[in-house]
Amino acid sequence: MPLVDIRANAIDRVREAPNRPLRVAVIGCGPKGLLSIQQLTKQLESGDTGRPLSVTIFEPAEFPGAGLVYEPRQPHYLRMNFAAEHINVWQCEEDGPSLLNWLRRSYPEFAATGLFVPRALVGKYLHDCYLAIVERLEKRAHLARIKEQVVDLVDTATGWRVVTGSRQGVREFDEVLLTVGHEGWRSSAVAGREIGVFDIPHVYPTNIQLSPAMAPAQSHIAIRGIGLTAIDAILALTEGRGGKFRQTNHALVYEPLGDEPATVYPYSRSGRPMLAKPNTHQMSIPDLEGLWEHYAGGLATLATRDRPLHFKDEIWPTVESAAKAALCAVGGSGALEWFESWLHCCPNGDEFRNQLSASVEVAMGRVVPDAAWAMGEAWRQLYPTLVDLVSHDGMTKDSWPHFRALAAEMERVAFGPPVENCLKFLALIDCGLVCLTLLQGTVAACESGCRELRTVRGRRNARIDCHVNAVLPSPLASNPRGPLSSLAQRGKLVHHDSGCGYQIDRFGCPIAADGQSLCGVTLVGRPTEGAVLGNDTLNPGLHHGPSLWAKNIFEQLQRIERSTL
């Protein structure tokens with residue numbers, strides 16, 4: 001259904017009572033919800049509507065704007081992998097400060113370009129932005145916040161009924177914005193015999209989930225996953241228990257306190273590491289802006305074709321060419337050969353450590369950029385263009401398996417942890433606390449009743465006392481007690497062809513099982529992964545969902561006013 005029809009239907013619902021406020025619910029107010037109400041505030045400040053507006057924010061987290069991921073009270077060793085200078089809620093400095101300028105006032109020791117700051121500080125910034133936005137929004141609309149979890153969303157003849165867990169938790173709205181993100185800290189599904197064997201089903205919040213009571217000192221711990229969450233878990237089990245990292249010439253040395261596990265065994269399906277995120281301010285490389293503009297332009301030209309594109313044949317070659325050109329510009333070669341080797345490697349412990357260490361040396365500017373840097377940098381630089389090109393069915397359906405496989409590898413190569421966390425990881429490997437002998441493993445029960453982490457072919461094994469799940473649920477794995485699951489069960493949401501999240505139209509309206517867009521509902525953020533590429537970011541310029549939703553609300557207020565003249 002075209003957007004104009006959806007909005008017309010929404011207007012028809014309230015035309016009988018034009019003086020009643022347009023009732024808007026915002027379900028979830030982490031970063032995406034924050035950006036959405038910020039855009040709505042800007043729209044309302046741009047002109048009068050003459051019709052009342054009521055906005056109700058449903059957010060159970062203690063600090064709206066930050067949500068759970070950027071909880072301001074989390075430990076400072078949990079760091080961003082997105083540099084501080086790229087984070088800015090506001091469109092201009094007159095509206096509010098960027099993160100960097102906010103840090104200059106509040107935490108000057110972190111106020112430098114190229115730094116990857118603690119997530120807790122980003123959370124404080126986001127919550128401060130929320131408070132400032134709410135103060136402005138209250139001048140233009142009636143605003144309420146309900147600190148409850150929404151469990152259901154039901155369509156009625158006149159709007160949408162929002163249901164929370166409390167006895168009186170049923171309210172009706174004309175428009176609903178769903179920005180529920182991760183839908184709370186939950187376990188991810190695991191296939192086969194590993195179902196139900198997690199002692200710790202999810203990592204966050206680390207101070208609770210990975211406390212000594214949950215993961216005892218001197219125990220042997222297997223961690224499923226070798227990504228950003230797994231590194232956070234390992235730091236929580238070490239630095240989070242009082243251990244210290246001491247700086248030497250070019251490395252860190254770990255000094256244990258004694259409350260750490262005896263051994264930590266990270267494992268995953270691939271066994272490959274996430275490579276260090278480069279600090280471009282430390283690297284000595286030529287100006288490649290023109291190169292990236294050239295290849296981004298080439299990708300943008302593909303968008304003019306009036307048909308979905310085939311990723312492997314039409315999109316990926318441009319990424320490869322950009323990586324080759326970037327490596328050539330710094331005096332190297334062999335980017336594509338390296339990546340082909342990477343795709344098929346199953347590293348042992350020494351190889352894993354060497355790959356991670358080499359990426360740190362490049363990221364810190366100690367050695368000349370290599371093929372891994374070139375592939376990662378090409379993906380990072382072209383990613384905004386890829387988002388525009390791939391989102392909203394820009395690819396053929398048969399492209400998705402290849403795209404998802406390559407995107408997973410590029411996550412490891414391009415969007416890894418900051419150098420500081422990589423150095424800590426290396427220090428924990430070198431002191432023997434983190435063991436890399438079972439990188440591709442599976443957990444199984446022994447005849448004696450204990451559990452082992454075994455290699456896939458069973459040639460090596462290690463007894464474990466505790467099993468931690470450090471893999472986040474996929475965007476499609478909705479909270480069974482949340483509004484997305486209830487909508488999906490009733491056919492109001494359908495899976496996207498990518499197998500990642502839910503299908504939406506270009507304006508953020510979910511597409512139901514009958515192929516029609518839902519009137520009065522907008523879905524923004526992580527659950528739309530697939531229909532929209534790359535939602536897990538704090539880059540406000542990468543996606544248009546919040547601004548489109550805000551414009552929709554503002555236009556509804558204006559159209560309803562005109563319809564009653």
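Numbers for the structure displayed
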quantity	calculated
Residue satisfying condition, being surrounded by fewer than 23 Cβ atoms within 10 Å (Cβ to Cβ) and closer than 18 Å to Val180 by Cβ, within set Pro473, Pro483, Pro527, Pro540	Pro473
Residue count for the range 390-420, restricted to those that are under 15 Å from the mean Cα position of the chain (by Cα) and in a helix (DSSP H, G or I)	6
Options Thr206, Thr158; residue that is surrounded by fewer than 16 Cβ atoms within 10 Å (Cβ to Cβ), in contact with a helix residue (DSSP H, G or I) (Cβ under 7 Å, 6 or more places away or on another chain) and in contact (Cβ under 8 Å) with a residue 40 or more places away in the chain	Thr158
Contacts under 7 angstrom Cβ, first residue in the range 416-437 being closer than 17 Å to Ala236 by Cβ and at pLDDT 95 or above, partner acidic (Asp, Glu) and not in a helix (DSSP H, G or I), 6 or more apart	Leu433/Glu260
Of all residues in the range 318-333 being surrounded by 14 or more Cβ atoms within 10 Å (Cβ to Cβ) and more than 28 Å from the chain's Cα centre (by Cα), the one that is nearest to Trp292 (Cα to Cα)	Ala325
Some residue of the range 299-320 being closer than 28 Å to Cys346 by Cβ, in contact with a His (Cβ under 7 Å, 6 or more places away or on another chain) and either in contact (Cβ under 8 Å) with a residue 40 or more places away in the chain or charged (D, E, K, R) (or both)	yes
Those residues of the range 245-276 which are more than 30 Å from Leu406 (Cβ to Cβ) and buried (at least 16 other Cβ atoms within 10 Å of the Cβ), in sequence order	Phe245, Leu252, Tyr254, Glu260, Pro261, Thr263
Criterion violated by Gly169 - all others in (1) surrounded by fewer than 20 Cβ atoms within 10 Å (Cβ to Cβ); (2) over 28 Å from Thr49 (Cβ atoms); (3) in contact (Cβ under 8 Å) with a residue 24 or more places away in the chain satisfied	(3)
The one condition in (1) assigned to a loop (DSSP other than H, G, I, E, B); (2) surrounded by 14 or more Cβ atoms within 10 Å (Cβ to Cβ); (3) assigned by TED's automatic domain parsing to the domain that holds Met410 that Asn279 fails to fulfil	(3)
Condition met for Arg506 (farther than 25 Å from Arg224 by Cβ, among the charged types (D, E, K, R), surrounded by fewer than 18 Cβ atoms within 10 Å (Cβ to Cβ) and in contact (Cβ under 8 Å) with a residue 24 or more places away in the chain)	yes
In the range 83-139, residue farthest from Gly416 (Cα to Cα) [restricted to those that are in contact (Cβ under 8 Å) with a residue 60 or more places away in the chain and of a type in the set (Val, Ile, Thr)]	Val134
Cross-chain or 6+ apart pairs with Cβ under 8 Å, the range 38-65 first and at pLDDT 95 or above and of a type in the set (Asp, Glu), then surrounded by fewer than 17 Cβ atoms within 10 Å (Cβ to Cβ) and assigned to a strand (DSSP E or B)	Glu59/Arg145
Scan of the range 80-117 for residues that are touching a helix residue (DSSP H, G or I) at 6+ places or on another chain (Cβ under 7 Å) and either small (Gly, Ala, Ser) or on the phi > 0 side of the Ramachandran plot (or both), ordered by number	Ala84, Gly96, Ala111
Leu453 within 30 Å of the chain's Cα centre (by Cα), modelled with pLDDT of 90 or more, assigned to a helix (DSSP H, G or I) and assigned by TED's automatic domain parsing to the domain that holds Ala230	no
Residue satisfying all of: in the range 192-203; aliphatic (A, V, I, L, M) and at pLDDT below 90; surrounded by the most Cβ atoms within 10 Å (Cβ to Cβ) among these	Val197
Within the range 52-77, tally of residues that are over 19 Å from Asn539 (Cβ atoms) and either surrounded by fewer than 19 Cβ atoms within 10 Å (Cβ to Cβ) or within 15 Å of the chain's Cα centre (by Cα) (or both)	10
Residue match in the range 37-60 (condition: of a type in the set (D, E, K, R) and either touching a Phe, Trp or Tyr at 6+ places or on another chain (Cβ under 6 Å) or closer than 30 Å to Gly240 by Cα (or both))	yes
Only one of Gly298, Gly331 that is touching a helix residue (DSSP H, G or I) at 6+ places or on another chain (Cβ under 9 Å) and either more than 30 Å from Asp393 (Cα to Cα) or assigned to a helix (DSSP H, G or I) (or both)	Gly298
Any hit, the range 440-460, residues being under 27 Å from Thr537 (Cβ atoms), in contact (Cβ under 8 Å) with a residue 60 or more places away in the chain and of a type in the set (A, V, I, L, M)	no
Hey, Gly432 surrounded by fewer than 22 Cβ atoms within 10 Å (Cβ to Cβ), outside the structural domain of Val162 (by TED's automatic domain parsing) and more than 30 Å from Leu523 (Cβ to Cβ) or not	yes
Residue within the range 115-123 that is under 23 Å from the mean Cα position of the chain (by Cα) and in a strand (DSSP E or B) present	yes
Unmet requirement for Pro273, which otherwise passes all of (1) within 19 Å of Arg366 (Cα to Cα); (2) assigned to a loop (DSSP other than H, G, I, E, B)	(1)
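The values are calculated or read from the model by the stated rules, or taken from the named source; none is laboratory data. Model, not experiment: these values are computed from the prediction. As a convention, Cβ positions derive from the backbone with ideal geometry for all residues, glycine included, and neighbour counts pool all protein chains shown.
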